[in-house]
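A short write-up of the structure that comes next.
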Amino acid sequence: MFVDVWNTLALSCWREAVPEVPMHIAITMDGNGRWAQKRGKPRLHGHRAGAETAKTIVLAAPDMGVSHLTLFAFSTENWKRPNVEVHGIFRLLEEFFTRELDTLASHGIQVGVIGDRRGLPGFVQSVIVRSEEITRSGRKMLVNIALNYGGRWDIVHAVQAIAADVQAGRIGPRDITEEAVESRLSTAGQPDPDLLIRTGGEQRISNFLLWQSAYSEMYVTPVLWPDFTPEHLKAALLEFQSRHRRFGALGPMGEGGDNC
Ligand code: IPE
Ligand code: IPE
Ligand code: MG
């Protein structure tokens, strides 16, 4: 009898721990500046290396079962940096998209941009439109590039859209549900991120996906973004697979902690 109970417990713990690859991974690509400074180079040198890492990770992720990848490239707060860095980042993005679009499209990658694109320079807006058009039919993985993105901006933007619908009489106050907000966010229709990775070691959100990450698992690595490799991504996925997500409920044996 004792053995039976033990076997049941072991089986249920095993079931919960069965490897499961997250559908949506979001990455705060931090540490470019420190990577460059360590080498005595200007910060933009780090951003250039970071763009190469982004390409490598985007191409490696679909084979690990990732269907959605969100990359935090420029936040609504990054405008506080010196002009030369901000402008340099935008020029790098333009160069990167122009050079890599065909490769991304041939790998079945669909590119989308989330963020306040109207606040971006015209040449960035043009390359975004081109990237979205050229990669539109990609079905292997969707990459959201978060550009001039802030979690607060995303929520405010959704609330403005709701207010407009209420004002026009299309919906009433009672129609303002979680689904109503979600469907007006920049990630509408996409699964919430299962795993939020932050490179560079800082243990903070920095205004990324505030609504969408309500139940995301967090993984912080000290590895600076230009040094991040597909092997590091694999390590993050393995760690994710060992987590026990409960979404506020209890585990199968009624436990609230990691008892397995
Ligand atoms: C992240 O790297 C990239 C952007 C914010 C554009 P950082 O530039 O923040 O690098 P660190 O944190 O200063 O090392
Ligand atoms: C977060 O990194 C934004 C991006 C990676 C694009 P930051 O370097 O801007 O974040 P803080 O300033 O350390 O919080
Ligand atoms: Mg940083």
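For the chain, would you read off the P(r) tail past 27 Å as a percentage of all alpha carbon pairs?
44 percent
How would you order 107-116, 187-196 from highest to lowest mean count of nearby Cβ atoms within 10 Å?
Result, highest mean first: 107-116, 187-196.
Roughly speaking, what is the stretch gain from residue 81 to residue 152, that is 0.36 nm per residue apart minus the C-alpha to C-alpha distance, in nm to one decimal?
Fully extending the segment from residue 81 to residue 152 adds 23.6 nm.
Beyond 19 Å, what percent of the Cα pairs of segment 25-79 remain?
More than 19 Å apart: 36 percent of the Cα pairs in segment 25-79.
Springs between alpha-carbon pairs under 10 angstrom, Gaussian network model over the chain: which of 201, 46, 31 fluctuates most?
Result: 201 has the largest fluctuation of those listed.
Magnitude of the Cβ-charge dipole of segment 18-137, K/R +1 and D/E -1, about the Cα centre, nearest 20 debye?
Value, rounded to 20: 600 debye.
Treating only the Cβ atoms of Lys and Arg (+1) and Asp and Glu (-1) as charged, compute the dipole magnitude of the chain about its Cα centre; round to the nearest 20 debye.
For this selection, approximately 920 debye.
Divide the volume of the convex hull of the Cα atoms of segment 127-260 by its number of residues and quote the answer in cubic angstrom per residue.
180 Å³
Would you calculate a helix-derived [θ] at 222 nm for the chain, using -39,500 (n - 2.57) for each DSSP H run of n ≥ 4 and dividing by the full residue count, to the nearest 500?
That comes out to -13500 deg cm²/dmol.
So, with a 1.4 angstrom probe, what is the percent of accessible area on the chain that is carbon and sulfur?
55 percent
If each of residue 64 and residue 129 carries a label point 7 Å out from its Cα toward its Cβ, how far apart are those two points in nm?
Each label point lies 7 Å from its Cα, and together they span 3.5 nm.
Can you list which of the DSSP-assigned H helices in the chain have a Cα extent of 27 Å or more along the long axis and an average Kyte-Doolittle score of at least 0.0?
Those that clear 27 Å and a mean of 0.0 are 83-106.
Might you work out the accessible area of residue 84 for me, using a 1.4 Å probe with all protein chains in place, and round it to the nearest 10 Å²?
110 Å²
Sort 227, 165 by accessible area with a 1.4 Å probe, largest first.
Most to least solvent-accessible, the answer reads 227, 165.
At 1.4 Å probe radius, can you tell me the per residue accessible area of segment 151-232 in Å²?
54 Å²
Evaluate the distance, in nm, between pseudo-label points positioned 7 Å from the Cα of residue 250 and of residue 95 along their respective Cα→Cβ axes.
Modelled inter-label distance: 5.8 nm.
Could you work out the relative contact order of the chain? I mean the mean sequence separation of Cα pairs under 8 Å and 6+ apart, divided by the number of residues, in percent.
Relative contact order here is 27 percent.
Taking the DSSP beta bridges in the chain as the whole, what percent of them are antiparallel, to the nearest 5?
0 percent
Lys/Arg Cβ at +1, Asp/Glu Cβ at -1, dipole of segment 21-174 taken about the Cα centre: which of 86, 147, 120 is farthest positive-ward?
About the Cα centre, the residue reaching furthest to the positive side is 86.
Cut-off under 19 Å on the C-alpha distance; same-chain residues fewer than 8 positions from residue 55 excluded. Which lysines are left, in chain and number order?
Filter leaves 140, 234.
The values are calculated or read from the model by the stated rules, or taken from the named source; none is laboratory data. These figures come from a predicted structure and were not determined experimentally. Don't worry about glycine lacking a Cβ; one is built from the backbone with ideal geometry, like all the others, and counts go over all protein chains shown. Accessible surface is based on the protein model in full, side chains and every heavy atom, while ligands, DNA and RNA are left aside. Shrake-Rupley method; radii C 1.70, N 1.55, O 1.52, S 1.80 Å.
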